[in-house]
């Protein structure tokens, strides 16, 4: 996706913003076409009160596309009476019903939430219940529960701070939506304000085997939970190895040849002062360097040409991973091994 394509979209949108707001349904097909030209994995949502700001959301469900949506929204112009976002925003008025695809409606006032704080990381675990759920909540009920959380907290807050969600059908009783919102936000603030261990320079080797293949990873386990929340973007630089052993790992000779290229990649991220290096990984002939960064803007462009300069085929992948899923899996595996 080029900057020129993004700029054309916003020029088009800005020129029609008044007409779109006046008659949204009339312009919906054209909006779908223009958003699809940005990327076929994008969707969009729009709405708002007649006398207040309208919200336009560039939607994507994939963590791999969040970076592109972030780029699009970051380039949006400032438009009077409009709010542009890549996330569903929290609702000001919580007195409404959530309707899902099969036509069933769920009253937001009939939801309740049980909150458990994670003992090791700055996250919450939730149990979402509703008097309107059947005995075993299905996909539709779970979708309604997620939309409930988006309405209460905003989609980004849910993605960043809620590590697991269980859906139940036996709530303790009617609780106001405003209280639910205050309760969860208060507990999120609590876990985020807890003291965290300082970063150390500890690295741990992790090995996993699958049939004849071996995954070998060097993980910066000394990071702990210190930077979770402030560095939500994961950047992977993947290099196709030229020489591999039968088990898919690199040879000592190639590992030595790779070092100047890997050092350059580390220096680029370090010079941007936005990221931390947390992983070297080798698996099935692919060498991966992974970083967590606070802001991925322009980082992919800065890194993109380095594999070629080093004589390697490679690519850059940027995903939104605010809860550091793979890092925690690898670090926790090592912690359990040592216990």
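The values are calculated or read from the model by the stated rules, or taken from the named source; none is laboratory data. Since this is a predicted model, take the numbers as computed values, not measurements. Cβ sites come from the backbone with ideal geometry, for glycine too, and all protein chains shown count toward neighbours.
Restricting the search to the range 97-109, which residues are without any contact (Cβ under 8 Å) to a residue 24 or more places away in the chain and either part of a loop (DSSP other than H, G, I, E, B) or on the phi > 0 side of the Ramachandran plot (or both)?
Hit for the range 97-109 is 103, nothing else.
Given the conditions (1) under 28 Å from the mean Cα position of the chain (by Cα); (2) farther than 25 Å from residue 301 by Cβ; (3) without any contact (Cβ under 8 Å) to a residue 12 or more places away in the chain, and given that residue 18 satisfies all but one, which numbered condition is not satisfied?
Condition (1) is where residue 18 drops out.
Please verify whether the range 201-209 includes one or more residues that are in contact (Cβ under 8 Å) with a residue 40 or more places away in the chain and in contact with a helix residue (DSSP H, G or I) (Cβ under 6 Å, 6 or more places away or on another chain).
yes
Of the residues that make up the range 119-138, is at least one without any contact (Cβ under 8 Å) to a residue 40 or more places away in the chain, loosely packed, with under 13 Cβ neighbours inside 10 Å, in a helix (DSSP H, G or I) and not assigned by TED's automatic domain parsing to the domain that holds residue 319?
no
How many of the residues making up the range 281-295 are buried (at least 19 other Cβ atoms within 10 Å of the Cβ) and either more than 16 Å from the chain's Cα centre (by Cα) or modelled with pLDDT under 90 (or both)?
4
Criterion first (assigned to a loop (DSSP other than H, G, I, E, B) and at pLDDT below 85) does residue 173 satisfy it?
yes
I'd like to check something: does the range 158-167 contain any residue that is at pLDDT 85 or above and more than 22 Å from the chain's Cα centre (by Cα)?
no
Listed here are the residues, each with its yes/no results for (1) surrounded by 18 or more Cβ atoms within 10 Å (Cβ to Cβ); (2) in contact with a strand residue (DSSP E or B) (Cβ under 9 Å, 6 or more places away or on another chain); (3) in contact (Cβ under 8 Å) with a residue 60 or more places away in the chain; (4) within 30 Å of residue 226 (Cβ to Cβ).
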position	(1), (2), (3), (4)
23	no, no, no, no
42	yes, yes, no, no
47	no, yes, no, no
111	yes, yes, yes, no
